[in-house]
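Notes follow the structure.
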Amino acid sequence: MSPITVSLIMVLGVFLARWSVPALIRGTAHVRADIGQAPHLIIWAVLAGCMWAVANTLTIYAIRNVGLSIAFPLWNTNSLLGIFWGVLLFKELHSAGWKRWLGVLAGALCMFAGASLLAFASSHQAAPGKAAFGIAAALGAGILWGTMYIPYRKAYLTGMNPLSFITFFTVGEVITMLLLAIGYRGVTPLWHELSSARAVLFWLMLGGFVWVIGDLFQQYATKYVGISRGIPLSNTNQLWGLLWGVLVFHELRGGSHAVYAQVAGGSLLMAAGAVAIALSSATEREHSSWQDAAGRESRRYSVEAEYVQAGIEGRSYGTTPTSRTFLDWLLILTATALFIALGSVAQFPRVELAAGWAVVLTLVMLGLLAACGFALWRTTRFR
């Protein structure tokens with residue numbers, strides 16, 4: 001399958017998740033209420049979705065040519081770009097003090113250095129003759145993803161709920177990928193390729209669905225701690241990729257002691273960077289700078305100041321029905337039915353894996369997901 005077709009199928013799974021999950025958690029009535037308050041954010045959401053779709057396609061080319069372990073740290077340069085945009089455009093880290101500046105910047109650089117060390121340790125996996133193209137694709141994805149966080153931050157400083165923003169975000173994703181896939185493959189060849197890939201459609205769409213669940217946490221992180229902290233912290237996902245690659249898929253099997261030392265050192269560097277950023281919480285003076293940036297967005301787009309303030313503080317604004325509507329249940333049941341139908345014709349990939357480690361990692365990740373989800377709900381009620 002071509003990388004563009006793979007990306008298209010993933011985006012379809014993303015589309016199902018981005019409409020059904022918000023319908024399940026809050027209901028579409030809340031989405032309509034948010035859009036009514038800040039309709040200009042529809043354009044920003046669609047634009048962010050277009051950028052995400054192109055970046056996701058580039059990552060697939062990067063993985064194909066240089067491998068996941070090399071491509072991952074290269075596109076994670078979006079952390080550094082996210083810090084730059086956060087400081088330049090949204091007054092993040094303003095009046096934060098030199099200790100917090102040092103914590104965020106040093107933490108991000110440590111994470112990037114650790115990721116680069118991990119990439120170097122697994123550089124033998126790169127496809128010969130195609131490394132330059134794969135590296136360029138990974139760096140291009142990092143630039144697009146780093147810039148994509150500008151619409152994120154604009155939306156959340158304006159008071160919009162992440163569950164509302166992502167529903168229109170996915171419109172840009174689907175439109176972009178359809179245009180790319182049809183333009184690159186043509187309608188008939190694309191249809192034949194999709195038809196011949198029935199056995200793997202479920203897994204690719206499931207990958208998109210699961211990605212959305214993780215992205216929801218990143219959206220709330222962007223809202224409440226900003227892109228200069230939220231994005232570097234979320235890029236610790238590379239450590240999970242490393243665990244799956246090494247323990248489950250035996251990616252470094254047969255490597256020398258030096259390779260394992262590089263992997264351990266890179267992992268520790270990344271963990272240290274994440275701890276440094278996590279400890280650099282925003283002060284009251286920095287929050288005051290955020291308020292100034294939010295006020296600027298409110299005045300620029302004529303959004304009610306009370307709506308903006310309620311969104312920043314995680315409070316409800318106005319009265320919106322809390323019960324699920326017929327449309328909500330239709331979205332939820334449609335997504336469920338499609339996944340059941342695709343799962344019934346799916347075939348398990350023929351790959352060598354350590355089933356025991358796969359079960360252990362799955363249980364740990366599900367436990368962490370439940371704990372973080374409960375903490376987020378208790379603190380914000382998903383507002």
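Hey, what's the Cα Rg ratio for segment 4-71 versus the globular rule of thumb, 2.2 N^0.38 Å?
In units of the 2.2 N^0.38 Å rule of thumb, it is 1.42.
Enumerate by residue number the trypsin sites (Lys or Arg not before Pro) in segment 262-370 meeting two conditions: DSSP loop (anything except H, G, I, E, B), and at most 10 other Cβ atoms within 10 Å of the site's Cβ. Show your work: numbers first, answer last.
Numbers: sites: R285, R296, R299, R300, R315, R324, R350; in loops: R315, R324, R350.
Loop-located and lightly packed - R350.
At 4 °C and a viscosity of 1.567 mPa s, what translational diffusion coefficient does Stokes-Einstein give for the chain, taking Rh as the Kirkwood radius over Cα pairs? Give it in µm²/s as a whole number. Working shown, then result.
Details: Rh = 21.9 Å.
Calculated translational D: 59 µm²/s.
What are the membrane-span-like helices in the chain by this rule: whole DSSP H runs, Cα extent along the axis at least 18 Å, mean Kyte-Doolittle hydropathy at least 1.0?
Membrane-span-like by this criterion, though nothing is claimed about a membrane: 3-25, 41-66, 98-121, 162-185, 257-278, 326-345, 355-380.
Given a 1.4 Å probe and heavy atoms of the protein chains only, how would you sort I213, I166, I63, largest accessible area at the top?
Working: I213 45, I166 0, I63 70 Å².
Highest to lowest solvent-accessible surface, that is I63, I213, I166.
Expressed in nm to one decimal, what extension gain is obtained for the pair L268 and E306 from 0.36 nm per residue of sequence separation less their Cα-Cα distance?
Details: separation 38, 0.36 × 38 = 13.68 nm, distance 4.39 nm.
Going from the current span to full extension adds 9.3 nm.
If all Cα-Cα distances of segment 119-267 are sorted into 5 Å bins from 0 onward, what percent lands in each bin, rounded to whole numbers?
Result, from short to long distances: 2, 7, 11, 15, 17, 17, 15, 11, 5, 1, 0 percent.
For T325, enumerate residues with amide H under 5 Å from its amide H, sequence gap 5+ or separate chain, H modeled in the peptide plane.
T28
Measure out, as a whole number of angstrom, how far apart the alpha-carbon centroids of segment 76-112 and segment 167-192 sit.
Each part's Cα centre sits 35 Å from the other's.
Roughly what % of Cα-Cα distances in segment 331-383 sit above 14 Å, to the whole percent?
Tail of P(r) above 14 Å: 74 percent of Cα pairs.
Say we join alpha carbon atoms closer than 10 Å with springs in a Gaussian network model of the chain; which of V174, V31, V359 then has the biggest fluctuation?
V359
Between R315 and V275, take the C-beta separation as r, use R0 = 35 Å, and let me know the FRET efficiency to the nearest 0.05.
Working from the Cβ atoms, E equals 0.70.
Using a 1.4 Å probe on the protein chains only, how many percent of the accessible area of the chain belongs to carbon and sulfur?
Ligands and nucleic acids excluded, carbon and sulfur give 71 percent.
Report the Cα centroid-to-centroid distance between segment 231-309 and segment 333-364 in angstrom, as an integer.
Between the Cα centres of segment 231-309 and segment 333-364 lies a distance of 28 Å.
Extension gain R299-W240, at 0.36 nm per residue separation less the Cα-Cα distance, in nm?
17.1 nm is the gain from fully extending R299 to W240.
Taking the Cα centre of the chain as origin, sum charge times position over the Cβ atoms of Lys and Arg (+1) and Asp and Glu (-1), and report the length of that vector in debye to the nearest 20.
It comes to approximately 180 debye.
Going by accessible area, probe 1.4 Å, with all protein chains left in place, what is the ranking of I9, I182, largest first?
I182, I9
On alpha-carbon atoms, Rg over Rh for segment 228-325 using Kirkwood Rh?
1.23
Leaving out ligands and nucleic acids, and using a 1.4 Å probe, what accessible area per residue does segment 16-65 come to in Å²?
Ligands and nucleic acids excluded, the figure is 34 Å² per residue.
Which residue, chosen from A113, T167, L243, occupies the Cα position most advanced towards the positive end of the dipole of the chain, where the dipole is computed from +1 (Lys, Arg) and -1 (Asp, Glu) charges on Cβ about the Cα centre?
Value: T167.
Three principal axis extents, largest first, for the C-alpha atoms of segment 1-149, in Å?
Between the extreme Cα coordinates on each principal axis of segment 1-149 lie 52, 49, 24 Å.
Considering only protein heavy atoms, with the full assembly of protein chains and a 1.4 angstrom probe, order W290, W191, W357, W240 by accessible area, largest first.
Per-residue accessible area, sorted high to low, gives W191, W357, W240, W290.
Mind checking which of I70, M148, S95 is farthest towards the positive end of the chain's charge dipole, using Cβ charges of +1 (Lys, Arg) and -1 (Asp, Glu) about the Cα centre?
Working it through, the farthest residue towards the positive pole turns out to be S95.
The values are calculated or read from the model by the stated rules, or taken from the named source; none is laboratory data. Keep in mind that what you see is a predicted model, and the values were worked out from it rather than measured. Glycine gets a Cβ as well: all are built from the backbone with ideal geometry, and neighbour counts include every protein chain shown. The area values use the complete protein model at the heavy-atom level, side chains included, leaving out ligands, DNA and RNA. Shrake-Rupley method; radii C 1.70, N 1.55, O 1.52, S 1.80 Å.
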